[in-house]
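All remarks here apply to the structure that follows.
The values are calculated or read from the model by the stated rules, or taken from the named source; none is laboratory data. This one's a predicted model, so the numbers in the text were calculated from it and none came from an experiment. Positions of Cβ are backbone-derived with ideal geometry, glycine not excepted, and every protein chain shown enters the neighbour counts.
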Amino acid sequence: MSFAALARLRTQLDGLAEQDLLRQRRLLDGAQGVRVSLDGLALLSFCSNDYLGLARHPGLAAAVSQALPQMGVGAGASHLVTGHHAEHHAFEQEFARFVGLPAALLFTSGYMANLAVVMALVGRSGEVFADRLNHASLNDAAILSRAKFSRYAHQDLAALERLLQNSRAAEKMVAVDAVFSMDGDLADLPRILALCEAYDAWLLVDDAHGFGVLGSQGRGTLAHFGLASPRIVYMATLGKAAGVSGAAVAAQSEVIAWLLQKARTYIYTTASPPILSAALRASLGLIAAGDERRDQLRALIAQLRQGLQAQGWPVADSATPIQPVIIGENAATLAVSANLLAQGVLVPAIRPPTVPRHGARLRISLSAAHTAADVTQLLAALGAHRA
Ligand SMILES: *Cc1c(COP(=O)(O)O)cnc(C)c1O
């Protein structure tokens with residue numbers, strides 16, 4: 001007997017392929033970095049989130065090798081059973097101090113952290129307000145919380161205010177990417193916080209792309225704007241600029257104490273290997289001392305934007321290492337990406353549903369590990385495509 005559900009999957013996969021929407025993985029060999037071996041090809045890569053070039057930094061590797069003989073690899077249990085290692089604990093305290101908030105909790109990923117915060121602080125009687133271009137994990141978090149889920153057009157704070165005004169929810173939360181991951185623009189956090197104060201809402205700031213990059217010493221987007229409020233729940237992922245893995249949530253002590261009681265993605269999962277916390281503690285030091293890396297990044301961003309403009313590409317409104325070039329259609333975007341690949345330069349084509357329909361784009365992401373010559377090579381390859 002044929003199994004109809006399986007046959008349907010085959011048809012749907014074929015459909016994705018026809019629309020140029022089939023996602024595929026490439027095999028990375030060796031370490032992540034700006035020069036990678038991918039599917040056996042040596043490529044100049046503009047597609048990691050390793051903004052400071054820390055993922056393969058010897059300081060992080062050294063921290064792991066020093067910690068390994070003492071701690072072993074696996075945490076062996078969840079944090080609330082026996083998996084909460086002194087190394088996790090020390091990282092949480094150092095992270096909280098670094099971002100200027102009273103307490104912090106370490107999660108295994110940003111996805112888990114976002115689910116935790118929204119589900120623990122907003123329930124069935126609540127409402128979550130979200131920018132349409134927020135990361136998928138924030139959307140999933142709102143859906144899982146069973147709260148009313150109200151989305152507003154990208155950066156349309158007048159629309160956000162109308163939604164807040166009309167809300168009769170018991171608990172309200174505005175959840176927002178601080179730096180939008182496919183566009184690179186910054187949320188207007190000062191105005192959003194003012195709205196949260198006016199309408200008595202929590203503010204969840206997802207700083208996946210700002211932590212380590214923005215603010216004095218890379219303390220993140222709150223530091224960049226000079227913002228503080230007991231309403232803020234700050235989430236930074238640790239697999240991007242920090243170069244490791246995981247995520248940390250920092251907030252008032254009561255919020256962290258509540259997450260410890262209620263956050264299902266914290267309670268019902270194995271703690272991350274403590275050696276990763278050893279790496280994270282080393283990473284915090286490198287981030288704090290990383291002004292040269294951040295200066296290098298700023299110079300590369302300026303060089304790239306100037307070069308793109310000179311060649312007539314649409315340049316996005318982004319001052320961050322995320323520099324999208326919006327092409328529009330899937331096939332055209334894939335064609336540019338394939339042409340660059342043939343020239344040894346890796347820039348991913350990002351397609352729906354990750355971005356809106358007709359919003360397919362090249363997503364160039366820069367790292368402090370790039371050189372000016374690398375950006376020149378990218379621009380030459382883009383120029384060759386245009387010619
Ligand atoms: C990457 C990302 C996440 C998820 O973080 P992980 O640690 O990779 O799970 C959450 N939010 C945003 C905006 C991201 O870019």
Identify all residues within the stretch 160-193 that are within 12 Å of the ligand (Cβ to nearest atom) and not charged (D, E, K, R); write none if there are none. ALA175, VAL176, ALA178, VAL179, PHE180, SER181, MET182, GLY184, ALA187
Filter the stretch 243-276 down to the residues that are closer than 30 Å to ALA368 by Cα and more than 16 Å from the ligand (Cβ to nearest atom) and list them by number. ALA251, PRO274, ILE275
More than 24 Å from TYR199 (Cβ to Cβ) and in a strand (DSSP E or B): does that describe ALA96? no
Please specify each residue of the stretch 28-85 satisfying the condition of being buried (at least 16 other Cβ atoms within 10 Å of the Cβ) and of a type in the set (Asp, Glu). ASP50
Scan the stretch 39-47 and give yes if some residue there is within 27 Å of the chain's Cα centre (by Cα), at negative phi and not assigned by TED's automatic domain parsing to the domain that holds PRO352, otherwise no. no
Given (1) more than 20 Å from CYS196 (Cα to Cα); (2) in contact (Cβ under 8 Å) with a residue 24 or more places away in the chain; (3) in a helix (DSSP H, G or I), where does VAL255 come up short, assuming only one miss? (1)
Would you please name the residue that is nearest to the ligand (Cβ to nearest atom), looking only at residues in the stretch 118-133 that are over 12 Å from VAL174 (Cβ atoms) and among the hydrophobic types (A, V, I, L, M, F, W, C)? LEU133
Across the stretch 134-148, which residue is farthest from the ligand (Cβ to nearest atom) among those that are in contact with a strand residue (DSSP E or B) (Cβ under 7 Å, 6 or more places away or on another chain) and assigned to a loop (DSSP other than H, G, I, E, B)? ALA147
Sort out for me the helices (runs of 4 or more DSSP H) sitting completely within the stretch 274-358 that have 2 or more residues that are of a type in the set (Lys, Arg). 291-310
Considering only the stretch 204-223, I want to know if a residue exists there that is free of Cβ contacts under 8 Å to residues at least 24 places away in the same chain, of a type in the set (A, V, I, L, M, F, W, C) and out of contact with any Ser or Thr (no Cβ under 7 Å at 6 or more places or on another chain). no
Give all pairs with beta carbons closer than 8 Å in which a residue from the stretch 131-144 that is assigned by TED's automatic domain parsing to the domain that holds GLN155 and under 20 Å from ARG191 (Cα atoms) meets a residue that is more than 10 Å from the ligand (Cβ to nearest atom) and among the aromatic types (Phe, Trp, Tyr); count only pairs at least 6 apart in sequence or on separate chains. ASP131/TYR152; ARG132/TYR152
Give all pairs with beta carbons closer than 9 Å in which a residue from the stretch 313-334 that is without any contact (Cβ under 8 Å) to a residue 12 or more places away in the chain meets a residue that is surrounded by 17 or more Cβ atoms within 10 Å (Cβ to Cβ) and in a strand (DSSP E or B); count only pairs at least 6 apart in sequence or on separate chains. VAL315/GLN323; VAL315/VAL325
